[in-house]
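The values are calculated or read from the model by the stated rules, or taken from the named source; none is laboratory data. Everything numeric in this text was worked out from a predicted model, so none of it was measured. In this analysis, Cβ positions are derived from the backbone assuming ideal geometry, glycine residues included, and neighbour counts consider all displayed protein chains.
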Amino acid sequence: MISEKTKRLMSKAQTGRKHSKATKDKIRLAKLGKKRKPFSKKHKLNLSRAKIGNTNSLGFKHGKIIKEFHRKKMLGNSYHLGVKHTEATKKRIREASLGKKGNNWQGGITKVATSIRNSARYKKWRDAIFLRDDYTCQKCKKRGVYLEAHHKKSFSFLLKKYIITNNKEAIECKELWNLDNGKTLCLDCHKLTNNYKQKANVTKNKSIIS
């Protein structure tokens, strides 16, 4: 076994050293496509215990102190503070994390429809429907209740019609975001429509308008 003294000497010898670009490329290529093995329950428990009382751990009781420290550290940094991404950069960042490229990819276990419904583009469409209809159920005319954006043409029908398999293809589909295909309904009224949730599957891919 290596003694503590030897470990300290080895650590000191490596302090300040930087990898060359060639070495960095070798390390990157060696890890490319490889996934870290999931932590065991025992290891997760050890990590959790190690962070108890640690003031440097973000998300714990002292997280605000650390966040404030980093905020002050960034003050006057003209390279980052206040800098806004261009639309082209935002698009590249978004595309770099879609599907298998995302660091949380788990083999496609999340349904396409669920992924699209949780996207920013879907929320923007839904909010536009609510705003146009003055946040009022278009059937019972109630306000101040839980509202949902109803698809006149079934959402699942449109996904199958245009063979949409990911968020990128969904964003490019104009009919999916057509405001005329949506209307504001309260939950009770939405449940009475012909294509509410599982009811849409009964149609066998036929377009339902209600």
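Observations
- Count of residues meeting criterion [assigned to a loop (DSSP other than H, G, I, E, B) and modelled with pLDDT of 95 or more] in segment 106-133: 1
- Looking at I171, I163, just one residue is modelled with pLDDT under 95 and either part of a loop (DSSP other than H, G, I, E, B) or more than 26 Å from L98 (Cα to Cα) (or both), and that residue is I163.
- Filtered residue count, segment 135-160, keeping only those that are out of contact with any strand residue (DSSP E or B) (no Cβ under 8 Å at 6 or more places or on another chain) and without any contact (Cβ under 8 Å) to a residue 24 or more places away in the chain: 2
- Only one of the numbered conditions (1) assigned to a loop (DSSP other than H, G, I, E, B); (2) modelled with pLDDT of 90 or more; (3) surrounded by fewer than 19 Cβ atoms within 10 Å (Cβ to Cβ) is violated by D188, and that is (1).
- In this structure, E148 qualifies as of a type in the set (D, E), outside any loop (DSSP other than H, G, I, E, B) and closer than 21 Å to L192 by Cα.
- Members of segment 126-146 found to be in contact with a Leu (Cβ under 7 Å, 6 or more places away or on another chain) and of a type in the set (A, V, I, L, M, F, W, C), listed by number: A128, I129, F130, C137
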